Amino acid sequence: EHDWKGALTYRRHRSLRSSLVECAWSAIQKDPVMSQRYNELKQRLTGKRAIIVIARKLISRIYAVLKNQTPYQLGYA
């Protein structure tokens, strides 16, 4: 399967981007699904590029939590 999503851009809030990347580093330590995805990506990408993909995935999860008004679930694919 391929996940064709755009990159995390440099436009707009730099502090928000850096905060999302920091949250992504924490997410791969706490969430087993995110950690597994990071390890899969790291085999073909560098660690920094892989964490950007994880940050992008985290954005979509945050959006789903806010939209559906449900709590964040660890280990949910």
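Quick note: the coordinates plus some simple rules give every number you see, no bench work behind them. Everything numeric in this text was worked out from a predicted model, so none of it was measured.
So, in Å, what gap is there between the alpha-carbon centers of region 18-37 and region 47-77? What the calculation gives is 9 Å, centre to centre. 3J(HN,Hα) along region 51-63: 5, 5, 5, 5, 5, 5, 5, 5, 4, 5, 5, 4, 4 Hz, from the Karplus curve 6.51 cos²θ - 1.76 cosθ + 1.60 with θ = phi - 60°, whole Hz, x for Gly and Pro.
Cα-based values for region 17-68, radius of gyration first and Dmax second, are 10.7, 33 Å. Between residue 39 and residue 63, the contour length at 0.36 nm per residue exceeds the alpha carbon distance by 6.3 nm.
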